[in-house]
1. Just how far, in whole angstrom, is segment 216-238 from segment 132-208 if you go by their alpha carbon centroids?
2. Where the only charges are on Cβ atoms (+1 Lys, Arg; -1 Asp, Glu), what is the dipole of the chain about its Cα centre, to the nearest 20 debye?
3. For the chain, what does the convex hull of the Cα positions come to per residue, in cubic angstrom?
4. Once the cut-off is 14 Å, how many percent of the Cα-Cα pairs in segment 201-249 end up in the long-distance tail?
5. Where does each of PHE146, PHE285, PHE256 land when they are ranked from fewest to most other beta-carbon atoms within 10 angstrom?
6. Counting other C-beta atoms within 10 Å, which of THR405, THR349, THR357 has the fewest, and how do the rest follow?
7. Quick one, could you list the DSSP H helices from the chain stretching 30 Å or more along their long axis (Cα atoms) with average Kyte-Doolittle hydropathy of 0.0 or above?
8. Highest mean first, what order results for 267-273, 320-326, 408-414 on Cβ atoms within 10 Å?
Amino acid sequence: MGASTERSLLSPARAFAVVGLGAVVGPLDSAVNIAFPSITAAFGLELASIRWLIICYLLTYSGLIMVSGRLGDLYGYRRVFGIGLALVAAAFLGCAAAPSYAWLLVARVVQGVGIALVLGAGPALALSIHPDSQRTAVLARYAAVFAIGLAIGPLAGGLLVEQFGWRGVFWARAPLALAALALLGRVPAAAVQAPGRAFDALGAALLAGWTAALLLALASPLRIGVPLAFLAALGFTVFVVRESRIAEPMLRPGLFRDPAFSLLNVLGIAVNFAGFATFLLGPYFFVRIAALSAPAAGLLLAAGPAAAAVGSAIAGRLVLRFGARRVAHAGAWITVAGVGAAALWDGSTSVPILAATMLAQGLGIGLFQLAYTDVVVAALPPADRGVASSLANLTRTLGVVASATLLSALFGHAQAQALGAGLDPGAAFLSGFRLAFACAAAGLAAIVALGLLRRPVRDRTAH
């Protein structure tokens with residue numbers, strides 16, 4: 001029976017394809033962005049209300065992503081990945097059937113739990129089926145799959161919204177999750193890296209709690225946000241103190257005593273903060289100002305992630321040649337240029353210029369994200385691979401949620417001011433749009449200019 005079982009297992013390349021099929025349901029959530037106008041119209045929502053569709057999903061996902069990475073380290077990446085796929089499939093069907101906005105938000109919370117398990121275990125599962133000497137190449141392929149999912153999402157979303165309405169962007173992904181779940185049993189299950197290690201349940205609760213409080217603080221009005229921010233700071237302090245005193249922490253605080261490592265994670269948040277501006281406000285610009293159809297808008301929105309896939313593939317080789325630090329730095333500056341160029345868009349901007357701007361942003365993010373993830377994974381020992389890949393996902397999510405909350409608030413304020421000054425709706429929209437993008441680009445440029453990557457982070461493993 002043992003020999004038969006071995007023969008039924010997939011080769012590393014095919015096993016990676018199964019992992020990629022399951023993991024891609026996460027980035028395919030970019031299909032939802034192109035459905036924002038349809039969802040707001042279907043439920044009679046204000047534009048600012050749509051941010052909760054992003055926040056409630058990402059709040060859950062970001063609060064649990066590190067927990068799921070640790071669960072994978074302790075109990076097996078394949079097992080955690082499979083449980084996540086089952087939850088995701090159920091959540092997609094629940095979103096598609098939502099009779100109200102409140103129902104939709106609850107189903108998005110369930111989706112967040114499932115995606116946290118999938119993406120928390122996914123990179124480590126992919127790495128576990130290859131020798132460690134292929135680490136950077138595997139991460140590059142995984143990042144390319146992630147970016148391809150982001151690219152396909154808006155295009156598929158545009159077609160699905162046009163043919164089936166906004167519900168199609170949810171139910172169409174359920175078969176992918178179920179197919180990956182059906183094939184997952186043939187993916188080699190690596191031995192648990194550190195059997196017998198205890199799960200830090202209190203640390204996990206503290207981590208999820210302060211992360212959720214921080215993101216809610218960003219999303220809430222000032223009178224609610226300030227107490228939540230204080231609660232997040234208190235929870236973070238307690239978390240750090242506890243993790244410093246136990247033998248098997250969720251995350252080792254000592255890692256962040258290295259300023260270069262800490263600041264690199266800050267830059268990871270900033271790059272994703274700036275890059276998400278296009279996904280947040282781009283669909284409205286393409287439909288309202290550029291007067292494009294939903295499929296055309298989806299195609300434009302997909303240009304950025306498509307370039308990110310190319311950037312990830314290129315970055316794998318560039319990192320080996322020039323080092324992760326330089327590649328990450330270059331990717332961040334290219335992202336600044338792309339986001340800054342979007343601040344100059346108006347009703348006369350041609351489609352080729354729009355596409356070129358999207359491609360520049362995507363290329364920069366692709367270069368940065370792969371180089372950054374390689375540094376983070378290399379900084380932690382193999383027994384903590386789940387936590388390492390989850391940390392890279394957490395900074396991405398923090399940047400996205402901060403962008404969804406802060407930039408939408410900035411956009412709304414500037415638009416209201418412009419309307420109050422007597423501008424027509426189109427001009428008022430552009431006023432808010434330009435300010436949001438200019439601030440995103442300027443903020444990222446300021447952080448990169450501080451020389452956060454000046455000193456390389458120590459790599460604990462050889463390529």
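Every read-out reported here was derived from the displayed coordinates using simple, explicitly stated rules and does not represent laboratory data. This structure is a prediction, so every number in the text was calculated from the model and none was measured. Cβ atoms come from the backbone with ideal geometry, glycine included; neighbour counts cover every protein chain shown.
1. Cα centroid to Cα centroid, the span is 30 Å.
2. Working: 30 positive and 15 negative charges, 183 e Å.
The calculation lands at about 880 debye.
3. Values: hull volume 62.9 nm³, N = 463.
Looking at the chain, the number lands at 136 Å³ per residue.
4. Values: 570 of 1176 pairs.
Value for segment 201-249: 48 percent of Cα pairs lie more than 14 Å apart.
5. Values: PHE146 29, PHE285 23, PHE256 13.
Least to most surrounded, the residues fall as PHE256, PHE285, PHE146.
6. Values: THR405 23, THR349 16, THR357 26.
Lowest count first: THR349, THR405, THR357.
7. On the way: long enough: 51-75 (34 Å, 0.96); 101-128 (40 Å, 1.60); 135-164 (41 Å, 1.25); 222-245 (35 Å, 1.22); 259-284 (39 Å, 1.39); 294-322 (41 Å, 1.38); 351-379 (42 Å, 1.53); 425-449 (36 Å, 1.64).
Correct list, ordered by number: 51-75, 101-128, 135-164, 222-245, 259-284, 294-322, 351-379, 425-449.
8. 267-273, 408-414, 320-326
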